[in-house]
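One structure is given here, and the rest of the page talks about it.
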Amino acid sequence: MPDPKRRNTIRLPNEETIVLRFRLPLLGALALTSIACGASPAPQADKQFPPAKNEPPVRTTGVWQPAAGLTQQPIWPGSPPDGTLNPQPPESVDTYQEPPEFGGKSYAVNDIAIPTMTVMPPKGRNTGTAVIVFPGGGFQKVFVTLEGTEICDWLVARGITCIVSKYRAPGGNDYWNAALRRQITPKIPRALQDAQRTIRLVRSKAKELGIDPNRIGVMGFSAGGYLVAQTSNILTPTYKPVDAIDSISSRPDFAVALYPGHICRDDGKTFDPKLPVIKTAPPTFIAQAWDDPTDPICNSLMYASALDKAGVSTEVHLFAKGGHAFGLRKRGQPVGEWPELVERWLNQIGMM
C-alpha cells in the first residue's frame, strides 16, 4: 500500500524542481529519463492535431449533425455573448478517413459561431451521473467524433449521460493561426464562456435528463483538457448573465483531463498566469503520455502539482508511450487502459 503522503520529486531540464504529493496512488508508467517539458512552448504546441495520418480531410460547408436520434441544441437563447473573434465563414466540417475499426471516418468542425451541446442518453441502467465532454482541436476547430461522440459511446454504455460540447472556434482561447504563422491570444475567453454555460444548462435540466445535479463532471482532451482546468477553477461567470440559468453553479463535481495543453508556458518554465488553482476545485483525474509530441508532459505535471498544493484530491497516470490524441484508439497498449482507470476512480469517489 503506497504511502498517501509520499513525495515524488521530479527534476526538469531547466533544473527547476516540482514536488508532487499525490493523495491517490500514482499508477502511471513513468519514463523519467525522457522528460520533455521544454520540447516546445505551450500553448503553441497545439498547432497541429489531425486524427488521420494518410489522407488530407475533405471539407464541406454546413453545420455538423450528430447521428440520427440525437438532438443538437444551441446553448444560448439568442446570439452568444461577444460573438466570434473575427468575422468568419459559415460552419464547415472536415471529414478524415479512418481505418474500418474506427468507423471509417471522423469529423472536425470549423468556424463555429453558434455553440451547441448534443446529449447522448445512457444505455441500460442509468447511474444518474453525467459527463460533459470537451473535444480537442487546439482552439482552431473541434474534433467532435474522435474526442466527442466516440468518448460518449463508451460512457453511455456504462450508464452515464454524456454531453458533447461544440464550443466556439477558432479563437475561443489561445490558438495558432497558420495563415499568420503566430499565436493569437484573444482577450475574451469565448470557449470558456461556452463551457460554463453548458455546465449550467445541463444542471438546469437535471430532472429532464434523469441525472443528479451534484454528479455532473467534465472530461476534456488536449485543448478540451484546458477547458476542464478552467471550469474547475474559474467559477466566476466570464459573461454577463442572459437568463435565470446563469445563476446556477458552473462548478463541475469531478474532472478528467486527458493530455491537457496550454497550462505550462515559456518552454515549461512558467504556469499559465491566467489559470488560478483553487482549493474548491473538484477531484481531478489526469492522464498523458510522456512521448506526447504536441502538448509537453509539463502540462499534466504542473497542473497536478498545483492542485495538490491547493489540497485537491488528484489522481495522475503517466504512460511511457501513447503520443497525442490517442482517445480510445490505443486498445491493447498500456495507455489504452485509461478508460478502465477512470471507471475505477469514479467508483472510488462515489460518482458511479
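The values are calculated or read from the model by the stated rules, or taken from the named source; none is laboratory data. The model shown is predicted, which means the values in this text are computed figures rather than measured ones. Methodologically, a virtual Cβ is constructed for each residue, glycine included, from the backbone with ideal geometry; neighbour enumeration extends over all protein chains shown. Accessible surface areas use protein heavy atoms only, side chains included; no ligands, DNA or RNA. Shrake-Rupley method; radii C 1.70, N 1.55, O 1.52, S 1.80 Å.
Rounded, prolate or oblate, given the Cα gyration tensor of region 129-183, with a/c below 1.5 counting as rounded?
prolate
Could you compute how much accessible surface I349 exposes when probed at 1.4 Å, giving the result in Å² to the nearest 10?
50 Å²
Calculate the tail of P(r) for region 274-352: the fraction of all Cα-Cα distances greater than 22 Å, expressed in %.
Result for the distance tail: 30 percent.
Treating the Cα atoms of region 173-289 as identical point scatterers in vacuum, please give the log10 of the normalised Debye intensity I(q)/I(0) at q = 0.15, 0.23 Å⁻¹, two decimals.
The calculated log intensity ratios at q = 0.15, 0.23 Å⁻¹ are -0.71, -1.41.
Please express the shape of region 221-267 as an equivalent ellipsoid: the semi-axes are the square roots of 5 times the eigenvalues of the C-alpha gyration tensor, given largest first in whole angstrom.
One finds semi-axes of 25, 12, 8 Å for region 221-267.
Length gain on complete extension for the stretch L70 to D212, per 0.36 nm per residue less the alpha carbon to alpha carbon distance?
So the chain would gain 49.0 nm between L70 and D212.
So, how do all the Cα-to-Cα distances of region 171-228 break down into 10 Å bins, in percent, from 0 on up?
Per 10 Å bin, starting at 0, the Cα pair percentages come out as 21, 38, 26, 11, 4.
Starting from the Cα gyration tensor of region 89-152, take the square roots of the eigenvalues, sort them a ≥ b ≥ c, and report rounded, prolate or oblate (rounded when a/c is under 1.5, otherwise prolate if a/b is larger than b/c, else oblate).
Here region 89-152 falls in the oblate category.
Restricting to region 196-352, compute how many DSSP beta bridges are antiparallel as a %, nearest 5.
The antiparallel fraction comes to roughly 10 percent.
Where Lys and Arg each count +1 and Asp and Glu each count -1, what net charge lies around L209 among other residues with Cβ under 12 Å from its Cβ?
Local net charge: +2.
Please list, or write none, the aspartates and glutamates whose alpha carbon is within less than 14 Å of the alpha carbon of K279, excluding same-chain residues fewer than 8 places away.
Partners found: D253, D308.
May I ask for the net charge around I114, where only other residues with Cβ less than 14 Å from the Cβ of I114 are counted and Lys, Arg are +1 while Asp, Glu are -1?
For residues surrounding I114, the net value is 0.
Take the alpha carbon atoms of region 281-337, find their center, do the same for region 214-271, and report the distance between the two centers in whole angstrom.
Taking the Cα centre of each part, region 281-337 and region 214-271 sit 16 Å apart.
How large is the direction-averaged shadow of the alpha-carbon convex hull of region 216-352, in nm²?
Reported value for the Cα convex hull: 8.9 nm².
What shape does region 47-130 have by the C-alpha gyration tensor, where a ≥ b ≥ c are the square roots of the eigenvalues, rounded means a/c under 1.5, and otherwise prolate means a/b greater than b/c and oblate the rest?
Cα axes put region 47-130 in the oblate bin.
Starting from the residue with the highest accessible area, list K105, K187, K274 in decreasing order, probe 1.4 Å.
The ordering from most to least exposed comes out as K187, K274, K105.
How far is the Cα center of region 60-119 from the Cα center of region 183-209, in Å?
A separation of 16 Å, based on Cα centres.
Would you mind checking K141/K187; K187/K274; K123/K321 for any pair whose Cα atoms are more than 23 angstrom apart?
Over 23 Å apart, Cα to Cα: K123/K321.
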